[in-house]
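Have a look at the structure below before the remarks.
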Amino acid sequence: MTTHIGGPERESDLPKGPAMPQVVTPAEWQAAREKLLVKEKELTRALDALAAERHRLPMVQFGQDYVFEGPQGTAGLLDLFDGRRQLIVYHFMMAPGSEHRCPGCSSFVDNIGHLAHLHARDTTFVLVSPAPFSQIEPFKRRMGWTVPWFSSNGNTFNNDCGSGGGFGLSVFLRERDCVFRTYFTTRRGADRIRADFNLLDLTAYGRQEHWEDSPEGWPQTPPYTWWRLHDEYET
């Protein structure tokens, strides 16, 4: 099945601007799309196989001697589970006393959907930062986030998880009062689950960053430089 969409039939008919993909007939487009679909299905099966292998990773018992501060006061690691079996922690980059508000971590949290869907699978999601809670709470209000956010100020939780002063995702499993670490990832392992990046990857221009393999003339900028807090793009 092909769909005819009205508009220019030749590249010479297009308005001048950034370089654009080649204009072809609907039949040629459908053939190219079906060729790419074969590779997309192969990747989907490979990702399913990788997830199956990830589910079979061994786990290691994790210490609980941490004191966090949250909206209800102090909390231990078990409290972060909020009664659920699994816990995902995003290590949000916010250093004690720093005025810097990481646009990368902020845009990651902007992409988190309603947590009820995780809760339905017995899984809790929280943010943890080394900054004191008094520094966290005003920024959380500014961003309009409802994701639970805890301070690890004064403890070694981030270092023990391997994130140090950076960002990352730690995953834990609870068996009664015992906590086990099952997974950790950072860098591209974390940004690959962002909805905005995945949506941009579906577009012709992609994320529009220099590292991407894009045709010559595609709009591109250095990575990170275009990121802003969501209330700063207009300025």
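None of the figures in this text is laboratory data; all of them are computed from the coordinates on show. Since this is a predicted model, take the numbers as computed values, not measurements. Using ideal geometry, Cβ is built from the backbone for each residue, glycine included, and neighbour counts are taken over all protein chains shown.
Could you size up the charge dipole of the chain around its Cα centre, putting +1 on the beta carbon of Lys and Arg and -1 on that of Asp and Glu, and report it in debye to the nearest 20?
For the chain, the charge dipole is close to 520 debye.
Test of understanding: express the Cα radius of gyration of the chain as a ratio to 2.2 N^0.38 Å, with N the residue count. Present the calculation step by step, with values, prior to reporting the outcome.
Numbers: Rg = 22.1 Å, N = 235, 2.2 N^0.38 = 17.5 Å.
Here the Cα radius of gyration is 1.26 times the empirical estimate.
Quick one: what are the phi-derived ³J(HN,Hα) couplings along the range 131-146, Karplus 6.51/-1.76/1.60 with θ = phi - 60°, whole Hz, x for glycine and proline?
Coupling constants for the range 131-146: 5, x, 4, 5, 8, 6, 4, x, 5, 4, 5, 4, 7, x, 8, 10 Hz.
Loop sites only, by DSSP: take the chymotrypsin sites (Phe, Trp or Tyr not before Pro) in the chain that have at most 10 other C-beta atoms within 10 Å and name the longest stretch containing none of them.
The segment 1-210 is the longest one with no such site.
Can you give the % of DSSP beta bridges in the range 19-151 that are antiparallel, to the nearest 5?
30 percent
Just want to confirm a number: the relative contact order over the chain, from Cα pairs under 8 angstrom separated by 6+ residues, in percent.
Rounded, it is 21 percent for the chain.
Run through the range 168-235 and list the trypsin sites (Lys or Arg not before Pro) located in a DSSP loop whose Cβ has at most 15 other Cβ atoms within 10 Å. Walk me through the numbers on the way to the answer.
Details: sites: R174, R176, R181, R187, R188, R192, R194, R207, R228; in loops: R176, R187, R192, R194, R207, R228.
Filter output for the range 168-235: R176, R187, R192, R228.
What FRET efficiency do you get for E216 and D196 if R0 is 30 Å and r is their Cβ-Cβ distance, rounded to the nearest 0.05? Let's see the in-between values first.
On the way: r = 25 Å, r/R0 = 0.84.
Here the calculated transfer efficiency is 0.75.
Between R176 and Q30, 0.36 nm times their residue separation minus their Cα-Cα distance comes to what?
Difference between extended and current length: 47.2 nm.
Given the rule -39500 (n - 2.57) for each run of at least 4 DSSP H residues, summed and divided by the residues of the chain, what is its mean residue ellipticity at 222 nm, to the nearest 500 deg cm²/dmol?
Helix-only estimate at 222 nm: -8500 deg cm²/dmol.
With both bridge residues required to lie in the chain, what share of the DSSP beta bridges run antiparallel, to the nearest 5%? Don't skip to the answer; put the middle values down first.
On the way: 19 of 29 bridges.
Of the beta bridges lying entirely in the chain, close to 65 percent run antiparallel.
I'd like the GluC sites (Glu not before Pro) in the range 26-121 restricted to DSSP loop residues with at most 14 other Cβ atoms within 10 Å, sorted by number.
In loop regions of the range 26-121 (DSSP not H, G, I, E or B), the sparsely surrounded GluC sites (Glu not before Pro) are E99.
Nearest 5 is fine: what % of DSSP beta bridges in the range 104-184 come out antiparallel, could you say?
65 percent
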